Amino acid sequence: VPSDLNRAAVERLSAIPRTPLVALPTPLDAAPRLGAALGLDLFIKRDDVTGLGLGGNKLRKLEFILAEALAAGADTLMTTGGAQSNHARLTAAVAARAGLSCELFLKGEPTNARIGNLLLDTLFGAEIHFCGVVGYDEIDARMAARSEELGKAGRKAVAIPLGGATGLGTLGYVAAFREIMDQVTAERGDGPMTVVVAGGTGSTAAGLILGAALWAPMTRFLVVSASWKSDILTAEIRRCAAAGAALLGLPEPSLKGVQVTDAFVGPGYAQPSDSGIAAILTTARTEGVVLDTTYTGKAMSGLVAIAAAGSVETCGPVVFLHTGGAPEIFTRDGAAYGS
Ligand SMILES: Cc1ncc(COP(=O)(O)O)c(C=O)c1O
């Protein structure tokens, strides 16, 4: 039975302005062949097919972030990420759709290659600034300086932090948790479930965890890091969850039942891992579903390894959240996948 606090939080969530960008609900697909291979009752939640700009998890965050930017009178969206950032690509698509300009401040040396997400950034008309191999603090300072410059020219830019990992962005996955829970309940009835998700900035996981705290506290989570060490990712999940909770008038959610692992990052962020490639092939060949090498392939490799070791602390059905990212696979030749 939801407490008054939870009821008030749900009301607050539905009152927060949100610009619709996603055709909801996204499908929850049964994955019987992959599930049988892993010994799991497995579903894939298809947030790779959120639609606009070739889709992905960032659109649910951008629904809230865009509404706030429009209310502030923005004419330009800015954001940052790696050269193959899905978040940058979707920010560019969202800006195009909303009739705003977009400037992307990407980490890495300048390149003329417009492949994968960079190709899409260009299609959506974003201006790309390569910032060199520098820290995100430095890139944030560059965005702030550029915002100020535009401001002096009578423009209004909104700089979206890395991965849309703000309290407001995190709310996108609070609402998504409810959608997943309703879909799983329709398939399997009431009962606990396990959610598996890739962790970049941790805000997607944080939103889901906050949603579970509201509606289904027995839910277990496996968060597979694509980049950071577990302790840093856990701290970021906590920070995003606390920021989201504050907007809803809720206490910071407990991370009991949340397993965060950095064992599947492989050679490093955005560098393919052997087990990630194997998981991409298995998923493609059992379910016809395309994962990416940076996030979802590694997340699936975590689920495969943990399921094989019998150490996945699952309860009930397992939902693998497909967060998108497929444009990145077109940056390399099929030989990278052993074909
Ligand atoms: C395809 C994909 N999956 C997962 C993530 C991780 O999401 P988050 O940054 O919210 O942890 C990202 C972005 O970082 C992404 O682009």
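Of interest is the spacing of the C-alpha centroids, which for region 271-339 and region 123-182 amounts to 27 Å.
Considered as an equivalent ellipsoid built on the Cα gyration tensor, the chain has semi-axes of 30, 25, 17 Å, the largest given first. In plain terms, the residue of C315, C131, C240 with the fewest other Cβ atoms within 10 Å comes first and the most crowded comes last, giving C315, C131, C240. For a straight C-alpha distance cut-off of 17 angstrom, the aspartates and glutamates reachable from K107 (same-chain residues fewer than eight places away being disregarded) are D121, E127, D137, E138, D140, E328. What you get for region 130-214, charging only the Cβ of Lys and Arg (+1) and of Asp and Glu (-1), is a dipole of about 320 debye around the Cα centre.
A full extension of the chain between A246 and A308 corresponds to an added length of 18.5 nm, given 0.36 nm per residue minus the alpha carbon distance. Counting only DSSP beta bridges with both residues in the chain, the antiparallel share comes to about 15 percent.
Scanning the chain for DSSP H helices at least 15 Å long along the axis (C-alpha atoms) with a Kyte-Doolittle mean no lower than -0.5 picks out 4-15, 58-71, 86-98, 167-188, 203-215, 230-248, 274-287, 296-308. In the chain, Cα pairs under 8 Å separated by at least six residues give a relative contact order of 20 percent. Using only alpha carbons, region 109-164 has a radius of gyration to Kirkwood radius ratio (Rg to Rh) of 0.99. Centroid-to-centroid, using Cα positions, region 191-226 and region 1-60 are 11 Å apart. Taking a straight line from the alpha carbon of K229, these lysines sit under 16 Å away, with near neighbours fewer than eight places off in the same chain left out: K298.
Cβ crowding within 10 Å, taken as a proxy for footprinting-reagent exposure, orders W215, W228 from fewest neighbours to most as W215, W228. For Q259, the amide hydrogen comes within under 5 Å of the amide hydrogens of F221, L222, V223, counting only partners 5 or more places away or on other chains and with H modelled in the peptide plane. From most to least packed by mean Cβ count within 10 Å, the peptides 31-41, 11-21, 90-100 give 90-100, 31-41, 11-21. Of T296, T261, T286, the residue with the greatest mean-square motion in the GNM of the chain, using alpha carbon springs below 10 Å, is T286. Across D292, D274, D137, mean-square fluctuation computed from a Gaussian network of the chain (C-alpha pairs under 10 Å connected) peaks at D137. Taken about its Cα centre, region 166-282 carries a charge dipole of roughly 180 debye when the Cβ of each Lys and Arg holds +1 and the Cβ of each Asp and Glu holds -1.
Label-to-label distance, D137 versus I16, with points set 7 angstrom from Cα along the beta-carbon direction: 2.8 nm.
Estimated translational diffusion coefficient (Stokes-Einstein, Kirkwood radius over Cα pairs, 4 °C, 1.567 mPa s) of region 1-107: 81 µm² per second. In this Cβ point-charge picture (+1 for Lys and Arg, -1 for Asp and Glu), region 62-133 has a dipole of about 200 debye about its Cα centre. Taking amide hydrogens as placed 1.01 Å from N in the peptide plane, the amide H of I160 sits under 5 Å from those of M78, T79, each at least 5 positions away in sequence or on another chain.
Read the figures in this text as sums done on the coordinates, not as results from a lab. Here the structure is a predicted model, which is why all the values come from computation and not from measurement. Every residue, glycine among them, receives a Cβ derived from its backbone with ideal geometry; neighbour counts consider all protein chains shown.
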